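Novice: Take a look at this one; I'll ask things after.
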Amino acid sequence: MLMVGGVLTGGLPVSIAADGQRRIKLAVKDMSATGYGAFPQFFQTKDGRKHPVVTVGLSGVRATGLCGSGKAQTPLGDYVVRVETKGGQQLRADDLKIAIENVDGGNLAGGTITLNRHDTAPDGTPIDSGHEGALPITARSMLLDLHADVRWVTVSGLKLSAVDLSNGTDVKECF
């Protein structure tokens, strides 16, 4: 129980491992982050071969109304893992990194996405707000359906509460 408390308050770092190709569905009501990337980086398989990946990083992640789900086919049927924030609670992460080997397909739908426009001048005109090598991102009412080979994911400074985690063959995907 102490470890769970440490993860939820951000005191204990979290690392998530995934192998193979997974379809990820992500719905978000409101999110802001600063994006950055490293092109390319490499991961090494057990046989010593190196493979290129694109590492997408997000720092200062703040999200409400978040629903994320992934589905895997099993002999017993489709197994879904679903995570949702509840009651207007905010998911926060200091740093999130995702290494993607390839993208086989993706769909993006919904409201608005704003790049490099967190700040506005006194007259309301958007101004560039990112420092070199960074891209401020704001998204509202977005749906992302991504089918990709994700080689690794790391999250640091994760802080969240009122999160519902469900999994099983009777769990629905986010959309």
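Novice: Under the condition of being modelled with pLDDT of 65 or more and more than 28 Å from residue 53 (Cβ to Cβ), which residue from segment 98-133 is least open to solvent (accessible area, probe 1.4 Å)?
Specialist: The selected residue is 121.
Novice: Only one residue in 64, 114 is closer than 15 Å to residue 160 by Cα and out of contact with any helix residue (DSSP H, G or I) (no Cβ under 6 Å at 6 or more places or on another chain), so which one is that?
Specialist: From the options 64, 114, the qualifying one is 64.
Novice: To continue, here is another question. Being modelled with pLDDT of 90 or more and either surrounded by 15 or more Cβ atoms within 10 Å (Cβ to Cβ) or out of contact with any helix residue (DSSP H, G or I) (no Cβ under 8 Å at 6 or more places or on another chain) (or both), is that true of even one residue in segment 34-48?
Specialist: Yes - at least one qualifying residue is present in segment 34-48.
Novice: Restricting attention to segment 62-106, which residues are closer than 20 Å to residue 145 by Cβ, part of a strand (DSSP E or B) and among the hydrophobic types (A, V, I, L, M, F, W, C)?
Specialist: Once the filter is applied, which keeps residues that are closer than 20 Å to residue 145 by Cβ, part of a strand (DSSP E or B) and among the hydrophobic types (A, V, I, L, M, F, W, C), segment 62-106 yields 63, 67, 72, 80, 81, 83, 91, 96, 98, 99, 100, 103.
Novice: Further question on the same structure: Give the residue, chosen from 12, 58, 66, that is at pLDDT 80 or above, closer than 13 Å to residue 158 by Cα and surrounded by 13 or more Cβ atoms within 10 Å (Cβ to Cβ).
Specialist: From the options 12, 58, 66, the qualifying one is 58.
Novice: List pairs: first residue in segment 33-48 and free of Cβ contacts under 8 Å to residues at least 40 places away in the same chain, second residue of a type in the set (S, T, N, Q) anywhere in the structure, Cβ distance under 7 angstrom, at least six positions apart or on different chains.
Specialist: 37/55; 38/55
The values are calculated or read from the model by the stated rules, or taken from the named source; none is laboratory data. Every value quoted in this text rests on a predicted model; they were computed, and no experiment measured them. Here the Cβ is made from the backbone with ideal geometry for all residues, glycine too, and neighbour counts use every protein chain on show. Just so you know, the surface numbers come from the protein's heavy atoms only, side chains and all, with ligands and any DNA or RNA stripped out. Shrake-Rupley method; radii C 1.70, N 1.55, O 1.52, S 1.80 Å.
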